[in-house]
Amino acid sequence: MILVTGGAGFIGSNFTLDWLAAGGEPVVNLDLLTYSGNLGNLEALRGDARHRFVRGDIGDRASVAKLLAEHRPRAVVNFAAETHVDRSIHGPDAFVKTNVLGTFELLEAVRAHWTALPSGEREAFRFLQVSTDEVYGTLAPDAPGFAETTPYAPNSPYSASKAASDHFVRAAFHTFGLPTLTTNCSNNYGPRQFPEKLIPLMIANALAGKPLPVYGDGMQVRDWLYVSDHCSAIRAVLARGRPGEVYNIGGNAEMPNLDVVRTICAVLARERPGRDYAALVTHVKDRPGHDRRYAIDPTKVRREIRWEPSETFTSGIAKTVRWYLDNAAWLDSVQTREYQSWISLQYEPAH
Ligand code: NAD
Ligand code: DAU
């Protein structure tokens, strides 16, 4: 079996569902169920003997050690993290706690477990760290995309905490020989993404007839990766990646935020006519320290892992909008009181 952490969140739940659908081994899921974790994301696996959910903290070394001893996973895939840049600006502490200290505790528990394995199992074992392209900082408009050799230059508390955790993963390989793999991917989108992030926030607001808050001039560029493509990339890196290596994963879909928002409005106008969605676009105060452009150079993953994304932004965004339209109950259920307070803290001008 494999141990997935953060598997009740957006990417982790898509990964778990896709992994099992692709015939992968059973999954034990360790997730603290913070505001962005949601057991409803794993509803399709209720009663499925190939999946076990455990509520817990990656930073609780003793509990992780117990889980590892009980299940003897052949791999750990670490998705668990605090993930929203804007929340890291309002309150960085949780990011240091989970992303830095939590990842460190998880690594220590994994290292102790791995050290005691018989040699065949030790060699086959993998620890895969799911990281982000944000650790590389920001790109000039015409600069080449981030390569695995691009120096780390994180600009937000979120990306600084992810960079720190990546360094501990790197050190675990170099110092102790733990067979680690690190993936740094670009912005994901797709089903089950918490509506604090750009794409689901815009879909939720547009459907409710609320303003679509675009930060600054809206010309910041991201390289959009459909979540199931990201999941297939992780499966491929787990199968074919070389221990100690880093692989950058992108969607070959660079686009300014304003174009993303306008595309969502156009898809909604087709799927759910009756409202002028584009008229809801509202420019608001920019994010402090806002990175202007991210882009991935996919050469290494293409060459060494033989992986390419299969969705274009046009196909992926159409599927995504359709999913949110078909899952209105999910969208309602995650807009809790905590969510409403976040929205007013972030978007009401008094703050
Ligand atoms: P998410 O916020 O939707 O999910 C995070 C999950 O981690 C939640 O289920 C939460 O309950 C869980 N969690 C948080 N703290 C925990 C702890 N201490 N112990 C156990 N579980 C904990 O995030 P996501 O978008 O699915 O991101 C998953 C991973 O992918 C993160 O490591 C993130 O940095 C990385 N990533 C995300 C993107 C993106 O665009 N979403 C892009 C690049 C990298
Ligand atoms: O690049 C990978 C990263 O992508 C991940 O590591 C992060 O976990 C993930 O949250 C994401 O970070 P971003 O900051 O790029 O994503 P977000 O969806 O928050 O914002 C995308 C862009 O849209 C960014 O330029 C900010 C802008 N934006 C965002 C929101 C929430 C707006 O203009 N308005 C908004 O209301």
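The values are calculated or read from the model by the stated rules, or taken from the named source; none is laboratory data. Computed from a predicted model, the values in this text were never measured in an experiment. Don't worry about glycine lacking a Cβ; one is built from the backbone with ideal geometry, like all the others, and counts go over all protein chains shown. The area values use the complete protein model at the heavy-atom level, side chains included, leaving out ligands, DNA and RNA. Shrake-Rupley method; radii C 1.70, N 1.55, O 1.52, S 1.80 Å.
Tabulated values for the structure
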item: Cα gyration tensor shape of the stretch 280-329, rounded if a/c is under 1.5, else prolate or oblate by comparing a/b with b/c; result: oblate
item: Accessible solvent surface per residue of the chain, calculated while the other protein chains remain in place, 1.4 angstrom probe, Å²; result: 42 Å²
item: Sequence ranges 61-73, 186-198, 229-241, ranked by mean other-Cβ count within 10 angstrom, highest first; result: 186-198, 229-241, 61-73
item: Förster radius 22 Å - calculated FRET efficiency between Tyr35 and Arg55, Cβ distance, rounded to 0.05; result: 0.95
item: Counting DSSP beta bridges with both ends in the chain, the antiparallel % (nearest 5); result: 10 percent
item: Proximal lysines relative to Lys162, as straight alpha-carbon distance under 19 Å, when same-chain residues fewer than 8 apart are discounted; result: Lys97, Lys197
item: Accessible surface of the stretch 14-101, 1.4 Å probe, proportion on carbon and sulfur as whole %; result: 55 percent
item: Computed magnitude of the charge dipole of the chain (debye, nearest 20; Cβ of K, R +1, Cβ of D, E -1); result: 500 debye
item: Prolate/oblate/rounded label for the stretch 61-164 (Cα gyration tensor, a/c 1.5); result: oblate
item: Cα long-axis angle, helix 10-21 against the chain (0 to 90 degrees, to the nearest 10); result: 60 degrees
item: Theoretical ellipticity at 222 nm over the chain - DSSP helices of four or more residues, -39500 (n - 2.57) apiece, nearest 500; result: -12000 deg cm²/dmol
item: Estimated inter-spin distance, Lys285 and Tyr215, nm [label 7 Å along Cα→Cβ]; result: 1.3 nm
item: Helix 313-326 axis, angle to the chain major axis (alpha carbon atoms, nearest 10°); result: 80 degrees
item: Simple Cβ-charge dipole of the stretch 270-341, Lys/Arg +1 and Asp/Glu -1, about Cα centre, in debye nearest 20; result: 200 debye
item: Principal-axis tilt of helix 157-176 within the chain, Cα atoms, nearest 10 degrees; result: 20 degrees
item: Carbon/sulfur fraction of accessible area - the stretch 105-233, other protein chains in place, 1.4 Å, %; result: 58 percent
item: Check: the stretch 45-110 dipole with +1 on Lys, Arg Cβ and -1 on Asp, Glu Cβ, in debye; result: 400 debye
